[in-house]
1. Please give the length that would be gained between ASN280 and THR39 if that part of the chain were fully extended, namely 0.36 nm times their separation in residues minus their C-alpha to C-alpha distance (nm, one decimal).
2. Let a ≥ b ≥ c be the square roots of the eigenvalues of the Cα gyration tensor of region 78-130; is it rounded (a/c under 1.5), or, if not, prolate (a/b larger than b/c) or oblate?
3. At a 10 angstrom cut-off on C-beta neighbours, averaged per residue, how do the peptides 206-213, 324-331, 101-108 rank from highest to lowest?
4. Gain in length, GLN223 to LEU53, computed as 0.36 nm per residue apart minus the alpha-carbon separation, to one decimal in nm?
5. Short version: ³J(HN,Hα) in whole Hz for each residue of region 37-49, in order, from phi by Karplus 6.51 cos²θ - 1.76 cosθ + 1.60 (θ = phi - 60°), x for Gly and Pro, what are they?
6. Say R0 is 60 Å: what FRET efficiency, to the nearest 0.05, do GLU233 and THR106 get from their beta-carbon distance?
7. At a Förster radius of 25 Å, what calculated FRET efficiency corresponds to the Cβ-Cβ distance of ARG96 and ARG204, to the nearest 0.05?
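Read-outs: derived from the displayed coordinates by stated rules, not from any lab. Worth saying up front: this structure is predicted, and the values here are computed from it rather than measured. Heads up, the Cβs are rebuilt from the backbone with ideal geometry, glycines too, and the neighbour counts pull from every protein chain shown.
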Amino acid sequence: MNATGQTAVFGKRKEPHTVIIARGNEIRHFTVRPWLAATAGTVAAAVAVGYLLATSYLVLRDDLIGAATARQARIQHAYEDRISALRAQVDRITSRQLLDQQLMETKVSELLARQSQLSERNGRLGPVLDEAQRVAAPSPEPKPADERAQITITPSEAPQPLAFASAAASRPFSFWSTRSSTEDKDSRADRADKLFVAINKSLRSIEDEQVEHIGALTDNAYQTADAISDTLESAGLPLAEDYGKSDVGGPLVALDRATMFDSKVKELDQALEALDKLKNQARKLPLANPAAGRAISSNFGVRKDPLIGTPALHSGMDFRAPYGSTARATAAGVVTKAGWNGGYGRMVEIDHGGGFATRYAHLSKILVAPDQKIAAGDAIGEVGSSGRSTGPHLHYEVRRKGDAVDPLRFIKAGKKLGQYL
């Protein structure tokens, strides 16, 4: 090795750096090795990078934490909005269910009220129909509307609304299950509405049939009364003085369905009352035939007397009948005479009221006594030939206020009125 530090093999050797520090008389020197410098540079760089990273963290920490917090807040708000929307949907469905339930309860209450009204009407119609059957002429049997009116609707049998609110409170909420239950509820609500419509239509039909039947009975009563009145008038027989005459007037008040039934029932009552009064008056008249099926041998009026052959007034009409056949009263009344009466022979006289009386003469036997009450059709005696008579027959007279009138017009009127009385 030479002084210059060179060798023949490796060449010139690289000397390390020396750091000399002089302070006064003191001199210090340090030898800086390359690896030591590299290590020191590396450590310095690492410290610088660490310092920069620490400084950046300290500066940006709040922003990072704020961003994370904001993200969490956004997620929480999204969940809260979702929950609020689901709750709002639950409230809407619950409210709709409650409204549907109230609507159904209202409809059921209306149907129950209408059923109660129909039952009440049926109770009112019973006596009226009985009275109509008693007073009016026979008419075709009505449709069994009264039986149909007995449709029973109770809350337990009525369509039950869905109790969604209580169900939602008792079990977890599910959007998809809610949709399916809503669809099922809609279908059930539609079926309930159709059922209500069908029942309402049936009840309306029953009401219409009741009103129609009452109207038919009223028309029938008026027609019967008019027929009786026309028949009696055509026969010249008296009528009730107030029949067909009334002082009427007043404002026009339109009828609605609520008052139609009461108005029709009232009108039917009035028609039946008028008809009953007219029938009672007609029944007091001697309209029946005292010897039904027997031939008339002599009419009322002027004729040749059968005994002396001169014209004479025949105050009644004669019925040719076998000896002992039955003579019957032509109307209800009270026996005023029952015994021998001159040329009448054995005679029965009946007072029918209203100035009318009938006589049954030439009897062979008398079956009643004075002051005895008689009904129409009762047997009052047997046919004979007592008194001024040429053979067995029944002499029949009708007297009005003591005057003899033609019995034939009474008998003809009675034949026409037989179907009504």
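1. 72.2 nm
2. prolate
3. Put in order of decreasing packing, that is 324-331, 206-213, 101-108.
4. Net length gain for the segment: 49.4 nm.
5. In residue order, the calculated couplings are 5, 5, 4, 5, x, 5, 4, 5, 4, 5, 5, 5, 5 Hz.
6. 0.60
7. 0.30
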